[in-house]
1. Can you figure out the FRET efficiency of residue 35 with residue 121, using R₀ = 30 Å and their beta-carbon distance, to the nearest 0.05?
2. Can you figure out the FRET efficiency of residue 77 with residue 233, using R₀ = 25 Å and their beta-carbon distance, to the nearest 0.05?
3. Quick one: Karplus J couplings for the range 14-30, per residue in order, coefficients 6.51, -1.76, 1.60, θ = phi - 60°, nearest Hz, x for Gly and Pro?
4. With a ≥ b ≥ c the root eigenvalues of the C-alpha gyration tensor of the range 181-261, is it rounded (a/c under 1.5), prolate (a/b larger than b/c) or oblate?
5. Less than 10 Å Cβ to Cβ from residue 251, Lys/Arg counted +1 and Asp/Glu -1: what total charge do the surrounding residues give?
6. Could you give me D for the chain, from Stokes-Einstein at 10 °C and 1.306 mPa s, where the hydrodynamic radius is the Kirkwood radius over C-alpha pairs? Units µm² s⁻¹, please.
7. In nm, give the distance between the simple-model label positions of residue 141 and residue 247, each being 7 Å from the Cα along the Cα-to-Cβ direction.
8. Starting from the residue with the highest accessible area, list 98, 220 in decreasing order, probe 1.4 Å.
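The values are calculated or read from the model by the stated rules, or taken from the named source; none is laboratory data. Since this is a predicted model, take the numbers as computed values, not measurements. No Cβ is skipped: glycine too gets one built from the backbone with ideal geometry, and neighbour counts run over all protein chains shown. Accessible surface is based on the protein model in full, side chains and every heavy atom, while ligands, DNA and RNA are left aside. Shrake-Rupley method; radii C 1.70, N 1.55, O 1.52, S 1.80 Å.
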Amino acid sequence: MQAASLAPSAGWQWVRDGLALFRRQPMAMFTWALTIGFMVLVASILAPIGPLLFVAAMPAITVMTLEACRAIEQGKTVLPMRLFLVLKAPGLAKKLLTMGALYVAAVLVAGLVSFLPFAENLREAVQGLSSDDLGPVLEAMRAPIVVFAVLYILIAALFWHAPALVAWHRLDIRKALFFSGVACWRNKGAFLMYGASWLLVVLALELGGGLLEAIGLSATMAGLIQMPFNFLAAAILYCSFYPSYTTVFGPPPPIALGALP
């Protein structure tokens, strides 16, 4: 399997293509973003096990999202609740859940590797914590957070395309992780541009919320007004996953996973 090597500008193009895809069926993808948001809410209520279960389900959610985008591209009507039927494809749910478990394990190991070497410094900083000076704690957190960020980027690269490669190309998990990592490395400039583009969107949303509070609205009211825009941005983000796959590996093979007619 050959992964294309794209120019850095492709990262911005993925965002634009995601927006174009969203505009073809906005309500369907907005509803799907709400559905994922609801799953996140339920997971947070069931902490600490809930967040782990949600992270384990991310490869399956990714495949459902990509399948919705493929259906939109083909001119089919997307019914968000029917996307769960994707997981009925023989053997797919088991593979995706196994991949999700590996993802959880990798992130937990990365956390241990990042924070354990600095545990003594963190303990001393917390013991000396005062209510008006968080500087020592923030300073002690800087190194482990940087290490974790680097490790997480590597993990994310391995898992970025892997769900689609398992679902659409019937690769085993090890090969899917390998080809995903290679594809992300070949397109690191494009992914850097892609991440920077979405960072600007997040900052713009945060600025909008700050401006609402600055004109006198309460934090609760500002959050309620901002919420639809957050889900709108999330829906476009999910749509942009699809071009980040198709421009690297080409159009998905014409297989049916059972979600849409």
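1. 0.10
2. Result of the calculation: an efficiency of 0.60.
3. Taking θ as phi minus 60°, the curve returns 4, 5, 5, 5, x, 5, 4, 5, 4, 5, 6, 9, x, 5, 5, 6, 5 Hz for the range 14-30.
4. On the way: a/c = 5.34, a/b = 1.86, b/c = 2.88.
Taking the square roots of the gyration eigenvalues as a ≥ b ≥ c, the range 181-261 is oblate.
5. Its environment carries a net charge of 0.
6. Values: Rh = 20.2 Å.
Translational D for this selection: 79 µm²/s.
7. Distance between label points: 3.5 nm.
8. 220, 98
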